[in-house]
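I have placed the structure first, in the form of structure tokens, so that the comments after it can refer back to it.
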Amino acid sequence: LLQTCSCAVAGYAFARLKVPFKSVLFFFLLLTFIVPLQLTVLPNLVFARVTGVLDTIIPIIVPAIFGLGLKGALFVIIYRQFFSTQPKELEEAARIDGANVYKVFLRVMLPLAKPAILVVFLFSFVWTWNDFYLPSMYLSNVETPPLSLGISRIATMLRDQAELSGPSIFTEPISMATTFLMILPPIVLYMFAQRWFIEGVERTGLVE
């Protein structure tokens, strides 16, 4: 939810506002999308340890607040593509009526961006839900890890148990149950949002 909102603000700014050095800022945004996350893992871990937020969800939540969470650059580009296709007459009419830039965004452009919002929310939810890399970086020592990291721990425990006491008839059922828990929420969410998701993909230009 935080990433969906913050990326909408950034996408609108890149698409509509006259910001100094906007092209340079957009270039740096593309770099955050192109550069692999593995290249920045060491300084991120050092910074998290120095600030005392390692083994907490703060390093995962704070970047999302500023639109820099998992795949955040892609979501900003999706919003930018959508807002760029909207007619400028809508904003001009709102400004004639006395609306400032915040009202134009909240009352005019954001209601029109429902397809883009849905696409970004679904992508962000699924990728964050399935993400293993970031939780393994910041939450490796917590007692209640995310399910993606918990499945890995369960698989390791089952493998160690099999090496000590031999194969068990419960190994496969437990593995299948954890996999089912992992895929169930995205499937249920997609079942309810399928029609709007397909429409949103078409209107945000992802097909191109």
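The values are calculated or read from the model by the stated rules, or taken from the named source; none is laboratory data. The shown structure was predicted, so the numbers you read here are calculated from the model rather than taken from an experiment. As a convention, Cβ positions derive from the backbone with ideal geometry for all residues, glycine included, and neighbour counts pool all protein chains shown. We work out accessible area using only protein heavy atoms, side chains counted, and drop any ligands, DNA or RNA first. Shrake-Rupley method; radii C 1.70, N 1.55, O 1.52, S 1.80 Å.
Ordering Val24, Val119, Val142 by accessible surface, largest first, gives Val24, Val142, Val119; the 1.4 Å probe counts only protein heavy atoms, with every chain in place.
Per-residue ellipticity at 222 nm from helix content only, as computed over the chain with -39500 (n - 2.57) for each DSSP H run of at least four residues, stands at -22500 deg cm²/dmol. For the chain, the equivalent ellipsoid derived from the alpha-carbon gyration tensor has semi-axes of 40, 22, 13 Å in decreasing order. For the set Lys88, Lys22, solvent exposure ranked by accessible area (probe 1.4 Å, protein chains only) runs largest to smallest as Lys88, Lys22. Relative to the longest principal axis of the Cα atoms of the chain, helix 72-84 runs at roughly 30 degrees.
Placing a pseudo-label 7 Å from each Cα along the Cα-to-Cβ vector at Thr56 and Met157 gives an inter-label distance of 2.7 nm.
Roughly how tilted is helix 22-34, in degrees to the nearest 10 and between 0 and 90, from the longest Cα axis of the chain? Rounded to the nearest ten degrees, it is 20.
Under a 1.4 Å probe, what is the accessible area of segment 1-63 per residue, stated in Å²? Each residue of segment 1-63 exposes 67 Å² on average to a 1.4 Å probe. With respect to the chain, whose longest principal axis is taken over its alpha-carbon atoms, helix 41-51 is tilted by about 90°. Annotation for Leu90 and Gln38: the two label points, set 7 Å from Cα along the Cα-Cβ direction, are 4.2 nm apart.
Asp55 exposes around 60 Å² of accessible area when a 1.4 Å probe is run over every protein chain in place. Ranking Trp129, Trp196 by solvent-accessible area of protein heavy atoms (1.4 Å probe, all protein chains present), from largest to smallest, gives Trp196, Trp129.
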